[in-house]
Each structure stands twice: as C-alpha cells, then as structure tokens.
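Presented below is the structure to which this report refers.
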Amino acid sequence: MGFKMKKALALLAVASLLFFGCAENSSVVGPEQSSSSEVVKLSSQSTGKYQNNIQSDYSVSELIDGEKGGKIEFSFNHGDIEGDLKIPGGAFDSEQEITITISSTEAVIDFGPSPFSFNKNLEFSITYKGVELNPSDEKNLKFVYFDGNGQQTDVDYEKIKVDVRKGELGIKGAKLEHFSRYGFVR
C-alpha cells in the first residue's frame, strides 16, 4: 500500500471518528442520554386494569440541616405512592427547605429547590402501586433525570422493581447528584 493510500485512509478514519464521535447524543465519558423515551403514565381512576385514586399532585417539604443530614419519608393516597429521600451528613452546607412533588398523571418527581447540587449523593426510593405496565417494561424501564433541554440521562440506582402482574413500579437507592425532574421512562 502506497504512502498516499495510507494517508487517505488515515484521514478517512479521523474524519469518521470526528463525525460519529461528535454526534449530538454521543458521550465518551458521560451517562447515556436520550430524548425519545416515553414517560410512564399513571393509571386513571376510571380506566385501565389497575385502579388508583390519585386526584392531584402530592408534595412534601421539610427543613434539612445539610451538615447533619436527614430523611424525608412520604406515603400518599393510602400507600399507593410511598418512599423516602435520604440525605447524608455533609451533603450540603447550612439548612435548606427540601420539597418533593409527585405528579398525579405520570411517574415523575420534581425536587426543589432546583437547580441544587450536592457534596455527596442523596438516595431516593419510591414505589407506585396501581400502574398499568406492559410485559416489555420488565426489561425496558429506566429511571432518568430530565434536563432543561428535554434530554433524559440515566440515573444510577441499587434496584428497580417492575411487577406487571401487581401493577407495581419502584426504584430503590437512586443516586441523586442534584435536584431536577426525575422519572420512569420506557
């Protein structure tokens, strides 16, 4: 192979790397991002196999000393939605009013104040009962955060629970690096 051919192949390889490596949704070092996933909808009171009586968004707020840490526990709609947010000591400086708002129509959670980043990850767990799930959800559901541009980024967690038969969906030990909007997508 001649010098000119090697040079042409090398330039083609570099151009391909730049073209494919710099694509909008690619990331060599960051978490996987996607904007095409569908947010999991919660079953309405009058439709679907599973029934729940979620009428409006639920919200809980608590003053937390970031140096000491703490835990916010919640249970709404007679246990149809329950979980907690664990804040380790040293997660942030001073006291902060923390708010968790849970949507009545989608498996989506808003945390406030937002934006707000932490020195140590917070751990979030939630279980929804009465969710209409598909058999494919057992393999395809993800827990993500939504950035301001509509991008979805996967969140690390200990365990995800999808029980199609019981209509239960949950996440245990989701690692929150910052407050934003989080939720389940398929």
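Please compute the net charge surrounding Lys161, taking Lys and Arg as +1 and Asp and Glu as -1 over other residues with Cβ under 14 Å from its Cβ. It works out to a net charge of +1. Using Cβ point charges alone (K and R +1, D and E -1), the dipole size of the stretch 31-185 about the Cα centre works out to roughly 540 debye.
At a 10 Å Cβ-Cβ cut-off, how would you order Ser180, Ser94, Ser117, fewest neighbours first?
If I rank by nearby Cβ atoms, fewest first, I get Ser94, Ser117, Ser180.
Kindly put Phe143, Phe184 in sequence by how many other C-beta atoms sit within 10 Å of each C-beta, fewest to most.
Least to most surrounded, the residues fall as Phe143, Phe184.
Every read-out reported here was derived from the displayed coordinates using simple, explicitly stated rules and does not represent laboratory data. Every value quoted in this text rests on a predicted model; they were computed, and no experiment measured them. Please note: Cβ atoms are built from the backbone with ideal geometry, for glycine as well, and neighbour counts cover all protein chains shown.
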